[in-house]
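Student: One structure is given below, represented as structure tokens, and several questions about it will come after.
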Amino acid sequence: MRGVAPPARIAPDVVIDVEGLSKSFGGHKVVDGLSMRVERGQIYGFLGPNGSGKTTTIRMLCGLLTPDAGHGTCLGMDIRTEARRIRAHVGYMTQRFSLYEDLTVEENLHFVARLYGVPQPERVAQETLEKLGLGGRGGQLAGSLSGGWKQRLALCACILPGPDLLLLDEPTAGVDPKARREFWTQIHDLAASGLTVLVSTHYMDEAERCHEIAYIAYGKLLTRGTVQEVISRSGLVTWTVTAQGMESRVAGLALARLTRELELCEGVNMVAPFGTALHVCGHDEAALEAAIAPYRHAPGLLWKRAASSLEDVFIDLMNRSRDNMQ
Ligand code: ADP
């Protein structure tokens, strides 16, 4: 990769604006007519199961892959014809740690700074390390860092050239909960300073930290909006049921049997265990109530009407899109 001059800041109000993106590999469509719009300063969560096309979409957005169909802009530049210019303004963090393990933390950042032609590379590298709380670890070999610190170093490398957009592909996979929390604090700080962030994740708690989310399965975008919009638009009605006054093994067996029976009932779209409770969900309130009525007063079962969670909505969307595929 050749060094390029540090980019002038580019920040249109709509940072990602694409329509109908599609991509196939070996005749198999892995992204299918996907449209999305991300505004400046947003933290946009990109969710979906493994293999649903998130990485492929991210790679099309930053010009690393050319779509088979569809068009649009990233940072106001055409994703088909201005890929090279786009890449100069985007920080892309892949799932794999892509820095040099046998260089120190500082040496890795000096390398990135020179690669991007950043003026005063050593000063900028040190400032970036301090900003992300890595100041004391400059002399440590990158390969000896824990998963959480490696992720932080990778984020430093991404933001060091001063991008306008961060594309983070499952940045917290395999990172412990404390490091994940700190990472999200940093992401919010970066967004508050004007950076736009598109982040793919599997974790529901992370989805809830995003300003907006999009959910993709089998290459198709199934829903998008704020968490509240996604939940209320789903139209999903949820009841929870717990087994009371039984030892935990007996309670587990009772709930497992109940799951099998409810899954066969008309009006029940989904039954999913959450800790010691079952979530029983449906789209037709009356049909769902009729389905659970025979169990409502069974001894040892406590039923409550509950707000649907984002996870309920995603499991339901996933089940329905699998059914559509079949
Ligand atoms: P996700 O990021 O949601 O896990 P990906 O975009 O990585 O999904 O992959 C979507 C599908 O496309 C998967 O089935 C994957 O195996 C396939 N795929 C991705 N990249 C390639 C490639 N370069 N060649 C062939 N198949 C690919």
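The values are calculated or read from the model by the stated rules, or taken from the named source; none is laboratory data. Nothing here was measured: the structure is a model prediction, and the numbers come from that model. Counting neighbours? That spans all protein chains shown, and the Cβs are built from the backbone with ideal geometry, glycine included.
Student: When the residues of segment 61-76 are filtered to those that are in a strand (DSSP E or B) and out of contact with any His (no Cβ under 9 Å at 6 or more places or on another chain), which remaining residue is farthest from the ligand (Cβ to nearest atom)?
Tutor: The first filter runs over segment 61-76 and keeps only residues in a strand (DSSP E or B), leaving 69-74.
Remaining after also requiring out of contact with any His (no Cβ under 9 Å at 6 or more places or on another chain): 69-73.
Details: Ala69: 16, Gly70: 15, His71: 19, Gly72: 18, Thr73: 21 Å.
The qualifying residue farthest from the ligand (Cβ to nearest atom) is Thr73.
Student: Out of everything in segment 80-98 that is within 18 Å of the chain's Cα centre (by Cα) and in contact (Cβ under 8 Å) with a residue 60 or more places away in the chain, what residue ends up being farthest from Gly117 (Cα to Cα)? Even if it seems obvious, please write down each step before you answer.
Tutor: So in segment 80-98, the residues within 18 Å of the chain's Cα centre (by Cα) come out as 90-97.
Retained after the next criterion (residues that are in contact (Cβ under 8 Å) with a residue 60 or more places away in the chain): 90-95.
Details: Val90: 15, Gly91: 15, Tyr92: 17, Met93: 19, Thr94: 22, Gln95: 25 Å.
Top of the filtered list is Gln95.
Student: Let me ask something else about it. Can you name every residue in segment 85-117 that is of a type outside the set (Gly, Ala, Ser) and either outside the structural domain of Leu61 (by TED's automatic domain parsing) or closer than 18 Å to Pro12 by Cβ (or both)?
Tutor: Arg85, Ile86, Arg87, His89, Val90
Student: Here's a follow-up. Of the residues Ile43, Ile58, Ile79, Ile86, which is under 30 Å from Asn319 (Cα atoms), more than 15 Å from the ligand (Cβ to nearest atom) and aliphatic (A, V, I, L, M)? So that I can check it myself, show each step before the final result.
Tutor: Details: Ile58 fails: more than 15 Å from the ligand (Cβ to nearest atom); Ile79 fails: under 30 Å from Asn319 (Cα atoms); Ile86 fails: under 30 Å from Asn319 (Cα atoms).
On inspection, the qualifying residue turns out to be Ile43.
Student: Determine whether Ile216 is within 29 Å of Thr55 (Cβ to Cβ) and not aromatic (Phe, Trp, Tyr).
Tutor: Criteria met by Ile216.
Student: Determine which member of the set Gly300, Gly267 is on the phi > 0 side of the Ramachandran plot, surrounded by fewer than 17 Cβ atoms within 10 Å (Cβ to Cβ) and not hydroxyl-bearing (Ser, Thr, Tyr). First the steps, then the outcome.
Tutor: On the way: Gly267 fails: surrounded by fewer than 17 Cβ atoms within 10 Å (Cβ to Cβ).
From the options Gly300, Gly267, the qualifying one is Gly300.
Student: Then there is this: Can you tell me which residue is surrounded by the most Cβ atoms within 10 Å (Cβ to Cβ) among those in segment 225-248 that are within 17 Å of the chain's Cα centre (by Cα) and of a type in the set (A, V, I, L, M, F, W, C)?
Tutor: Val230
Student: Please identify the pairs in which a residue from segment 114-137 that is within 11 Å of Cys156 (Cα to Cα) has its Cβ atom under 9 Å from the Cβ atom of a residue that is basic (Lys, Arg), counting only partners at least 6 apart or on another chain.
Tutor: Going by the 9 Å Cβ cut-off, the qualifying pairs are Leu129/Arg137; Leu132/Arg152; Gly133/Arg152; Leu134/Arg152.
Student: Of the numbered conditions (1) at pLDDT below 90; (2) crowded, with 18+ Cβ neighbours inside 10 Å, Asp176 satisfies every one except a single condition; which is it?
Tutor: (2)
Student: So which helices (runs of 4 or more DSSP H) stay within segment 236-326 end to end and still have 1 or more residues that are under 23 Å from Thr223 (Cβ atoms) and touching a strand residue (DSSP E or B) at 6+ places or on another chain (Cβ under 8 Å)? Before you say what the answer is, go through the steps one by one.
Tutor: Details: elements: 248-263, 285-296, 310-325.
Result: 285-296, 310-325.
Student: Is there any pair linking a residue in segment 213-233 that is closer than 20 Å to Tyr203 by Cβ and of a type in the set (S, T, N, Q) to one that is within 16 Å of the ligand (Cβ to nearest atom) and not in a helix (DSSP H, G or I), with Cβ under 7 Å and at least six apart or on different chains, and which?
Tutor: Every condition considered, the pairs that remain are Thr223/Tyr215.
Student: Another question, then. For a quick check of your reading of the model, give me the residue pairs whose first member lies in segment 28-48 and is touching a residue at least 60 places away in the same chain (Cβ under 8 Å) and in the same structural domain as Tyr215 (by TED's automatic domain parsing), whose second is of a type in the set (Asp, Glu) and within 16 Å of the ligand (Cβ to nearest atom), with beta-carbon atoms closer than 9 Å and at least 6 apart or on different chains.
Tutor: Lys29/Asp68; Val31/Asp68; Gly45/Glu206; Phe46/Asp169; Leu47/Glu206
Student: How many residues does segment 111-147 hold that are in contact with a strand residue (DSSP E or B) (Cβ under 9 Å, 6 or more places away or on another chain) and part of a helix (DSSP H, G or I)? I'd like the intermediate steps shown before the answer.
Tutor: Residues of segment 111-147 in contact with a strand residue (DSSP E or B) (Cβ under 9 Å, 6 or more places away or on another chain): 137-142.
Going one step further and asking which of them are part of a helix (DSSP H, G or I), we end up with 137, 142.
Of the residues in that region, 2 qualify.
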